[in-house]
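Undergrad: Please read through the structure below; I'll follow up with questions.
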């Protein structure tokens, strides 16, 4: 695969393997988020166990992110990315080989499975640090937007690939459960492909060979932003894609194939918003882009919780997809711009740590609410918390929004 067309003017070609690796990982994450609840239910687990396993994946990613922030400065990003790719491969193969709850929980915690629509893995801070080195100024914001775009596009295609198990089952005359296991084997193979791809990352220049440093002069602003971002992440964790798929299964009896098609189109809408975000931010400012797109998206999510017509629900969720991810490239570029180059990996990690920990707890809460029959509660709670976050960040940074 080559995504050279995604490189914006002014960005170095060293970012190309990162864009391609992000795309491959997003494809795998796209179908895993849809198939994970179906796979676990096929194994005989309940909705509460689905939520707990989703929490384990996010909590494990959070702790891995902490490790990158605390000790990752002792190694170069390229080496850590190779180890992360090997972990991804091992995760897929181990998940395919497991059938009982506790081994699955352990693999979910240690591995790289992602039940959400965004990237929450230990790859993220490492790739962000390398992306930030490949461009400056407005080109950096555009590059982060293209990085997010590659993820959104291939995540959408991955969601569409959630229909493959039924086709595999018919074509190979194997059980549906065995066909689902094949998709986790594919996840492991994609991890191997990412490892091969990242072997070709360019070596750092002589002046860049000094190991990244822990947070120093930028600590105060990074901590402040991380605390605010964590509220948004906890809210999003209540409705990660795996739980949204479960919600569609439970409330409307939607099939896995239909759910995959829906997540394909919602992923395409998210991808389109990644391209629109930098242009909108140039016109109304980064802070305005973050707040004025998030609030309508949250209103659509809360409305969907109370609508009985499936087509109207899907329309509301599609509108949400068009708006809810527009802050991602701007936020990523901002974090990279307010710290020194040597602090970038640590800043990305420590910005993500509270977010990851907050989002990790949420799926268990969402799964428990589903199990209790409160199907609307996670969607409403997500919307309320996200709007509260938007108002809080607006109040905190409105006086200096020209900086954001």
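Undergrad: Return the whole-Å distance between the Cα centroid of the range 268-328 and the Cα centroid of the range 121-189.
TA: Answer, in whole Å: 21.
Undergrad: Could you tell me what fraction of 2.2 N^0.38 Å the Cα radius of gyration of the range 23-68 comes to, as a two-decimal ratio?
TA: Ratio of Rg to 2.2 N^0.38 Å for the range 23-68: 1.31.
Undergrad: Next question. Kindly put 233, 298, 170, 258 in sequence by how many other C-beta atoms sit within 10 Å of each C-beta, fewest to most.
TA: 170, 258, 298, 233
Undergrad: Apply the Debye scattering formula to the range 267-328, with a single equal point scatterer on each alpha-carbon and no solvent, then give log10 I(q)/I(0) at q = 0.18, 0.19, 0.21, 0.22 Å⁻¹.
TA: -0.60, -0.65, -0.75, -0.80
Undergrad: May I pose another question? For 386, 282, which order do you get if you count the other beta carbons within 10 Å of each Cβ and list the fewest first?
TA: Starting with the residue having the fewest Cβ neighbours, the order is 282, 386.
Undergrad: Shifting gears a bit: In which sequence would 382, 182, 269 go, from the one with the fewest C-beta neighbours within 10 Å to the one with the most?
TA: In order of increasing Cβ crowding within 10 Å: 182, 269, 382.
Any read-out appearing in this document is the output of simple, stated calculations on the displayed coordinates, not a laboratory observation. All values reported here derive from a predicted model rather than from experimental measurement. Please note: Cβ atoms are built from the backbone with ideal geometry, for glycine as well, and neighbour counts cover all protein chains shown.
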